[in-house]
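Worksheet: one structure, shown below.
Coordinate-derived values only; no laboratory data. Values in this document were obtained by computation on a predicted structure and should not be read as measured data. Glycine gets a Cβ as well: all are built from the backbone with ideal geometry, and neighbour counts include every protein chain shown.
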Amino acid sequence: MAQAIPIALAAYSAYSQHQAGVQNAQVLANEGAAANAQAVQQSNMVERQGRAALGRSSAAIGQAGTGYGGSNAAEMDQAAVSVEMDALNARYKGAFTAYGYNAESGNALKSADANAKNALLKGASQYLFGAGSMG
């Protein structure tokens with residue numbers, strides 16, 4: 001009976017360690033999803049602000065009566081490209097951050113499994129060591 005206690009404790013420890021690792025992995029996966037969602041929102045905001053700025057520039061050009069060709073067209077094109085790059089950079093940053101969190105989540109699951117197996121093996125070895133020394 002006393003020999004079964006290390007096995008029971010090891011099983012409980014393994015289960016607890018595994019559950020903690022799974023919960024940690026879920027938190028990391030949630031952080032990854034949140035990072036991606038925040039990046040999309042940031043990108044959308046950059047695009048809205050950029051369109052508003054381009055609209056103001058277009059209105060200023062129209063009001064000045066200088067025309068929409070030549071250097072005005074080049075400036076508007078460059079501004080549009082800059083807005084698009086800023087939006088894409090925001091999305092890239094979010095995707096990169098999410099990838100990191102998701103990688104950590106996978107590592108946490110692997111670690112949880114390994115810790116659980118180690119706890120079970122430790123309990124089994126204690127049981128076997130105890131049984132061998134009693135005989």
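The simple Förster model, with R0 at 41 Å and r as the Cβ-Cβ distance, assigns Ala114 and Glu47 a FRET efficiency of 0.40. Just to verify a number: FRET efficiency for Ala59 and Lys93, C-beta to C-beta distance, R0 = 41 Å, to 0.05? Once rounded, the FRET efficiency stands at 0.85.
Estimated from helices alone, the mean residue ellipticity of the chain at 222 nm is -35500 deg cm²/dmol (sum of -39500 (n - 2.57) over DSSP H runs with n ≥ 4, per residue). Translational diffusion of region 6-61, estimated by Stokes-Einstein from the Kirkwood radius over alpha carbon pairs at 37 °C in a medium of 0.692 mPa s, is 216 µm² per second. Rg/Rh for region 34-110 stands at 1.27; both radii use Cα atoms, and Rh follows the Kirkwood definition. Helix 70-134 and the longest principal axis of the Cα set of the chain meet at an angle near 0°. Shape analysis of the chain based on the Cα gyration tensor places the equivalent ellipsoid semi-axes at 65, 11, 4 Å, largest first. The order of the peptides 45-55, 69-79 by mean Cβ neighbours within 10 Å, most packed first, is 45-55, 69-79.
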